[in-house]
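Structure first, then comments.
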Amino acid sequence: MTTLNYPFSESAVRALHAGDAVSVNGRIWTGRDRFHKHFADGGRLPVDFRDGAIFHCGPVVVPQADGGWRVVAGGPTTSLRENQYEPDFIAKTGVRLVIGKGGMDERTLAACHACGAVYLQAVGGAAAVTAHAVKRVTNVYFLEDFGAAEACWEFDVRDFRCVVAMDSRNVSLFARVQDESRRRLAALIGCR
Amino acid sequence: MVERLAAFIRETSSSLPDDAEHALRMALRREPKGSSARVVVETILENVKLARTNGTPVCQDTGTLTFWVSERLRKLVTPDVIGKAVEKATAQGWLRRNTNDPVTGRSIDTNVCPGAPVVHYVTAGGDDARSVRLLMKGGGSENMSRQFSLPDSALAAGRDLEGVRKAVLSAVCQAQGYGCAPGVLGVCIGGDRAGGYEEAKRQLLRNLADRNPDPVLARLESRICREANSLGIGPMGLGGKTTLLAVKIGTRPRVPASFFVTVAYLCWAARRRRLSL
């Protein structure tokens, strides 16, 4: 298990290999469909993502009596919807970690290679574990514009467990598994 | 009854059945130390424990709720009573606001409207003579369900059990990890299109460790499960030995012109429960 602490350095991220288990600690921000579209349309970003992490997540967050927030459920959402935006987001912001589920396309893989970033797979459906890893909700942006599920939440996480699914060396576990499983299927059922 | 059903919904959402948890523990043993498959299954088991302890949803997608109610309970467990229980469970935060109007896109905040939740009244004996069964199935897994019409020339799948095997294995390969593997397959051979999906989903109510009383189907179930696990897709599609936890196959009669094979994919968060009354 490799521990990653915010701010995430380029050298630490480039040292990771697809298949490595990592524990993410410190500040991360959520951003999904509307957030990425806002960015692509030239919208202003509320925070500096350099050496940071973006998490594809629509959490269930409840307000607290003291004016703060608490995350009750927060698993990853499917990342492929952001394929068209992510390469540009990585190149322009200098973000180091993209966290979600299901993986992303070759263009994002190429951007990870060019800029020194990785794609991390959080475990789909593991809502309770993710909520538990969020120690504090430290801020929220676009809450009124995008709604709670699509807002940009700033979390302080501890020991948020993920697997490096796409590294900065042009290796994607998803592509590898998909190719190999198709080959094995063809062998089993005798066709392509 | 409303209170009792609401508590039953909460338990279904927050507590995975023992057989599903057991199958995940067996998966953990198979996956080598240090592999990403192992990390994923460890996280899943930790999540199962945490959700049960806190009484919070195992998964944030609390899914489509389908109830199967014994015919004998029709007057006691009415659609109205079930609707009120769902409304209460939603208001308590045990269920996500998870129902949208398909035309306007607006959220139906109570999770109750014509068509939701889904309620079937069924004739059954044994443990189900006086029971309510509930399945909560998330959208990510539902998106991976498939229906085939045999013969299928692309798969070289004919109208026999060998054709069924090819179709089901191809569905597993198409799903990769997107349905949140390791999953459970409910399969229906035959039926019309709607009946096929209904029976395939109903197969998901079976205990993962049970044995199909039909020896031919029992053999097919274990063969497909073994072969699917040899594809190497693994937990969440990151590679590994565990792609499926079980395969359950049922049948419906078909007309001579049709031969459907329907595959219902259920994620590892196999939330199902029985309430005996």
Hey, any hits in the stretch B:249-263 for a residue that's closer than 18 Å to B:LEU16 by Cα and within 14 Å of chain A (Cβ to nearest Cβ)?
no
Does the stretch B:59-67 contain at least one residue that is open to solvent by 20 Å² or more (accessible area, probe 1.4 Å), closer than 13 Å to B:ARG273 by Cβ, without any contact (Cβ under 8 Å) to a residue 40 or more places away in the chain and within 19 Å of the chain's Cα centre (by Cα)?
no
Looking for something more than 22 Å from A:GLY125 (Cα to Cα), surrounded by 16 or more Cβ atoms within 10 Å (Cβ to Cβ) and in contact with a strand residue (DSSP E or B) (Cβ under 8 Å, 6 or more places away or on another chain) - is there at least one such residue anywhere in the stretch B:80-90?
yes
Residue count, the stretch A:145-173 (criterion: assigned to a helix (DSSP H, G or I) and either in contact with a Phe, Trp or Tyr (Cβ under 6 Å, 6 or more places away or on another chain) or over 16 Å from A:HIS36 (Cα atoms) (or both))
1
Of the residues that sit in the stretch B:143-160 and are touching a Gly at 6+ places or on another chain (Cβ under 6 Å) and over 26 Å from B:THR64 (Cβ atoms), which one is nearest to the other protein chains (Cβ to nearest Cβ)?
B:ALA157
How about the stretch B:178-192: which of its residues are open to solvent by 10 Å² or more (accessible area, probe 1.4 Å), under 28 Å from B:GLY240 (Cβ atoms) and in contact with a helix residue (DSSP H, G or I) (Cβ under 6 Å, 6 or more places away or on another chain)?
B:CYS180
With B:SER170, B:SER107, B:SER141 as the choices, which residue is more than 20 Å from B:LEU277 (Cβ to Cβ) and over 22 Å from the mean Cα position of the chain (by Cα)?
B:SER107
Pairing a residue in the stretch A:40-53 that is closer than 23 Å to A:CYS112 by Cβ with any residue that is in a helix (DSSP H, G or I), where Cβ atoms lie under 6 Å and the two sit 6 or more apart in sequence or on different chains, gives A:PHE49/A:THR93
Kindly indicate whether any position in the stretch A:35-48 is more than 15 Å from the chain's Cα centre (by Cα), open to solvent by less than 10 Å² (accessible area, probe 1.4 Å) and more than 17 Å from A:TRP153 (Cβ to Cβ).
no
If I go through the stretch A:160-192 residue by residue, how many of them are open to solvent by 40 Å² or more (accessible area, probe 1.4 Å) and within 11 Å of another protein chain (Cβ to nearest Cβ)?
13
Given the options B:LEU205, B:LEU169, B:LEU217, B:LEU231, name the one that is of a type in the set (A, V, I, L, M) and under 30 Å from B:TRP94 (Cβ atoms).
B:LEU205
Take the stretch B:226-238 and flag every residue that is in contact (Cβ under 8 Å) with a residue 24 or more places away in the chain and closer than 16 Å to B:VAL187 by Cα.
B:GLU227, B:ALA228
Considering (1) at positive phi; (2) in contact (Cβ under 8 Å) with a residue 12 or more places away in the chain, say which one A:LYS101 fails and leave the rest.
(1)
Being more than 14 Å from every other protein chain (Cβ to nearest Cβ) and either open to solvent by less than 40 Å² (accessible area, probe 1.4 Å) or touching an Asp or Glu at 6+ places or on another chain (Cβ under 8 Å) (or both) narrows it down to one of B:GLY140, B:GLY126, B:GLY196, B:GLY163, so name that one.
B:GLY196
Looking at B:LEU205, B:LEU245, B:LEU275, which is the one that is open to solvent by 10 Å² or more (accessible area, probe 1.4 Å), touching a Phe, Trp or Tyr at 6+ places or on another chain (Cβ under 8 Å) and closer than 30 Å to B:LYS33 by Cα?
B:LEU245
Any idea which of (1) in a helix (DSSP H, G or I); (2) modelled with pLDDT under 95 is the one B:CYS180 doesn't satisfy?
(1)
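Conditions tested, residue by residue: (1) at positive phi; (2) among the hydrophobic types (A, V, I, L, M, F, W, C); (3) within 14 Å of another protein chain (Cβ to nearest Cβ); (4) open to solvent by less than 20 Å² (accessible area, probe 1.4 Å).
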| position | (1), (2), (3), (4) |
| --- | --- |
| B:GLU3 | no, no, no, no |
| B:PHE8 | no, yes, no, yes |
| B:THR12 | no, no, no, yes |
| B:SER15 | no, no, yes, yes |
| B:HIS22 | no, no, no, no |
| B:ALA27 | no, yes, yes, yes |
| B:GLU31 | no, no, yes, yes |
| B:ALA37 | no, yes, yes, yes |
| B:VAL41 | no, yes, yes, yes |
Kindly check whether there is at least one residue in the stretch A:130-141 that is within 14 Å of another protein chain (Cβ to nearest Cβ), without any contact (Cβ under 8 Å) to a residue 60 or more places away in the chain and open to solvent by 10 Å² or more (accessible area, probe 1.4 Å).
yes
The lone condition B:LEU76 fails out of (1) among the hydrophobic types (A, V, I, L, M, F, W, C); (2) open to solvent by less than 20 Å² (accessible area, probe 1.4 Å); (3) farther than 27 Å from A:LEU173 by Cβ is (2)
Whether any residue in the stretch B:94-115 is assigned to a helix (DSSP H, G or I), farther than 14 Å from B:GLY63 by Cα, open to solvent by 40 Å² or more (accessible area, probe 1.4 Å) and out of contact with any Lys or Arg (no Cβ under 8 Å at 6 or more places or on another chain) is what I want to check.
no
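The values are calculated or read from the model by the stated rules, or taken from the named source; none is laboratory data. Predicted model only: the values in this text are computed from it and were never measured. Cβ: placed from backbone, ideal geometry, glycine included. Neighbour counts: every protein chain shown. These area figures cover heavy atoms from the full protein model, side chains too; ligands, DNA and RNA do not enter into them. Shrake-Rupley method; radii C 1.70, N 1.55, O 1.52, S 1.80 Å.
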